[in-house]
Structures are given as structure tokens and as C-alpha cells.
1. Step through the residues of region 89-106 one at a time and calculate ³J(HN,Hα) from phi using the Karplus curve (6.51 cos²θ - 1.76 cosθ + 1.60, θ = phi - 60°), rounding each to whole Hz and writing x for Gly and Pro.
2. Which entry is the computed Cα extents along the principal axes in Å for this structure: [x] 56, 38, 27; [y] 42, 31, 26; [z] 53, 36, 31?
3. Given charges of +1 on the Cβ of Lys and Arg and -1 on the Cβ of Asp and Glu, with all other atoms neutral, how large is the dipole of the chain about its Cα centre, in debye to the nearest 20?
4. Could you grab the relative contact order for the chain? Cα pairs under 8 Å, six or more apart, rounded to a whole percent.
5. Taking amide hydrogens as modeled 1.01 Å from N in the peptide plane, which residues meet the under 5 Å criterion relative to L145, leaving out close sequence neighbours?
6. On a 27 Å Cα-Cα criterion, which of the cross-link pairs K114/K162; K118/K161; K130/K161; K27/K162; K130/K162; K27/K159 come out too long?
7. Give the aspartates and glutamates whose C-alpha is closer than 16 Å to that of K158, dropping any in the same chain fewer than 8 places away, or say none.
8. By its C-alpha gyration tensor, with a ≥ b ≥ c as the square roots of the eigenvalues, how is region 1-95 shaped: rounded for a/c under 1.5, else prolate for a/b larger than b/c, else oblate?
Amino acid sequence: EKAVSLIKPRFTIFMDGGSTVLAMAPKLAARSDITVATNSLRVVMNLAGSGPNVILVGGELRRLSQTFVGPLTEPTLEKLHFDMAFMGTIGISSSEGMTTTDSREAFTKETVMKHSSKVAVLCDSSKIGKTSFVRFGILEDIDILLTDSSASSREELKKLKKTGIQIITC
């Protein structure tokens, strides 16, 4: 709900395939005043019946996450601009930035962030301070981090906040 409250009328947003980002989709079903671009089949299925204009970015299917990833996503993403991108992550740390388990997914995430005015990372507190296989962005790429309230006392969160990231706890 906090993430959805950041979306203004006529915004074009990107939603990636993370489970925390996916939780936003049902809350957008009544928003016919926005456009949602996504590489996630699950997001598309949540918004197929009603709501925003939806753009599905093609590419190579990653079955685990039901997302389209890799260099084949680039031709479409290079032509688009997003007011805000909502990104998930497997890990976020002050030393390594944002990381994930798949290099093709990292490629797509980086491309999206290059074409976004603002980037919001949505992750639960268990991912803060964690590092996964491949980096897809540095802390300077992030404008907002939305996480659960159990993260508020963690030392790593304090380090992230010092970089200028707006932290929103839910």
C-alpha cells in the first residue's frame, strides 16, 4: 500500500517479478489512470482483468520467477521511460549494492533502472545486508527502499540511509 501511494496519476511505472513487488499488483487493479510495464507474467495475470494499461516486455523466459529476462528485453526497454521502477532484490548491502541470483535478470534490472526517473526497491528485512551472485545496481541507483518494520533497528539499514536513500518502513 505504501508503494502504491507513491504512484501519481498518468505515471508510467515498471514492476519487476519479485514477490514483494508482485504484492502491489492487486492493489493496482482499480488504477486505470496509469501504465504498467513489466517483465512478469504474474503481474500481467493480476492486471489482465481490469485496471492500468499493461505492457509486457518480452525476452527469454526465466521459469523460476515467471519473468522475461536477458538481452532480448533491451530493444523494448531502450524505447521506454518510466516515472518510477519498482524492483525486487535477493540482497541489498552497503558494500555490494543490489544483487540477484541470475545474470540475465541482472541485465534486465539494470536496463530498467537506466530508463527510470526514480527507483524504488521493495524487500523484506531478511534481504538487508545480504549478498547474492550478481550485482545489478549500486546504492546511488536507488531513490527509495521500502521494507518491513523489523528492519528499523538493523545496523545495515543505518548505513544504507547514510547514502541518501529514503527508507520507508511498513
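1. 8, 7, x, 9, 9, 5, 8, 10, x, 9, 9, 9, 9, 10, 5, 5, 5, 4
2. The calculated read-out lines up with [y].
3. Numbers: 21 positive and 18 negative charges, 51 e Å.
Once rounded to the nearest 20, the dipole reads 240 debye.
4. Values: 390 pairs, mean separation 31.5, N = 170.
Relative contact order of the chain: 19 percent.
5. Placed amide hydrogens put V121, Q166, I167, I168 under 5 Å from L145.
6. Exceeds cut-off: K27/K162; K27/K159.
7. E96, D124, E140, D143, D148
8. rounded
The values are calculated or read from the model by the stated rules, or taken from the named source; none is laboratory data. Remember, it's a predicted structure, so these values are computed and weren't measured experimentally. With ideal geometry, Cβ positions are generated from the backbone for all residues, glycine too; neighbour counts draw on all protein chains shown. Just the protein is used for accessible areas: all its heavy atoms, side chains included, with ligands, DNA and RNA removed. Shrake-Rupley method; radii C 1.70, N 1.55, O 1.52, S 1.80 Å.
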